[in-house]
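Here is the structure we will look at, set down as structure tokens.
The values are calculated or read from the model by the stated rules, or taken from the named source; none is laboratory data. All of these numbers come straight from a predicted model, not from anything done at the bench. Don't worry about glycine lacking a Cβ; one is built from the backbone with ideal geometry, like all the others, and counts go over all protein chains shown. SASA here: full protein model, heavy atoms, side chains in, ligands and nucleic acids out. Shrake-Rupley method; radii C 1.70, N 1.55, O 1.52, S 1.80 Å.
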Amino acid sequence: MTQRTPLSRERIIGAAAAVADRAGVTAVSMRSVAKVIGVEAMSLYHHVPSKEALLDDLADWVFERIELPEVGNTWREALTARARSARSVLTAHPWALGMMESRPTPGPALLQHHDRLLGVLMTDGFSAALATHAFSAIDAYVYGFALTETSLPFEPGDGAEEAFAAKVAAPSELYPHIARSQAELFGDGGYAFADEFDYGLELLLEGLERRAAEESPALRERSSRGTRREP
């Protein structure tokens, strides 16, 4: 006789993520999740009290998969690693973009995530206000980039960008700046949209570094000595 895997909260959340990956978060219901597991919907309520609680857990499930930096790492190294990890998770699970910060009951993974990032920044010389500004700016950038990346009408890489640009090319006499931009970007065949992420992230980090140096003597001295560790 085949032994069934016991039903658990973790198993239910994993099944909810599978439903969301396949059909979006709006498709997540106690019935759809139970169907993935192969049980009756009522049996889920022994582990998860409601659909809303399940969605709270699902948001926390996303945060558990984003790399969490250690307090004591340099702030720039920590923010870079965390931003890259968040982008990877969000492009793999695009349904998470609309729910990560919107749940009314934040879970322990979300709270730990926010606390750790603020701790990294404040331990490395940021004031609470500047740490909050930095956190907000980086998240807005990462979430926005991931949304754009998952919404593109083509798969980035292997010349797809240039082929798409050629397909939707605008008349150069009407839009000369677009034409010039495309000619310069694709002139050497080296442009890839995915590379924009690290470039844009560096622009943000450089701005934060200047602002942090203005605020903190220790960070100003480190910046002037050029001792910042690069990611």
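Protection proxy ranking for 59-66, 210-217, using the average of other Cβ atoms within 10 Å per residue and placing the highest first: 59-66, 210-217.
Counting only protein heavy atoms and a 1.4 Å probe, tell me what percentage of the stretch 9-49's accessible area is made up of carbon and sulfur. Ligands and nucleic acids excluded, carbon and sulfur give 55 percent. Angle between the Cα long axis of helix 9-23 and the longest principal axis of the chain, 0 to 90 degrees, nearest 10? The angle comes out near 60 degrees. Between helix 75-92 and the chain there is an angle of about 50 degrees, using the helix long axis and the longest principal axis of the Cα atoms. If you average the C-alpha positions of the stretch 89-125 and of the stretch 1-68 separately, how far apart do those two centres end up, in angstrom? Centre-to-centre distance over Cα atoms comes out at 20 Å. Rounded, prolate or oblate: which one fits the chain, using the alpha carbon gyration tensor with axes a ≥ b ≥ c (rounded when a/c is under 1.5, else prolate when a/b beats b/c, else oblate)? Because a/c hits 1.5 or more and a/b fails to exceed b/c, the chain counts as oblate.
For the chain, the 222 nm mean residue ellipticity estimated from helices alone, with every DSSP H stretch of n ≥ 4 adding -39500 (n - 2.57) and the total spread over all residues, rounds to -20000 deg cm²/dmol. Look at the Cα gyration tensor of the stretch 58-117: its axes a ≥ b ≥ c give a/c of at least 1.5 with a/b at or below b/c, and that counts as oblate. Across the stretch 9-49, Cα pairs under 8 Å and at least six residues apart give a relative contact order of 37 percent.
Calculated on the Cα set of the stretch 9-49, radius of gyration then Dmax: 9.1, 25 Å.
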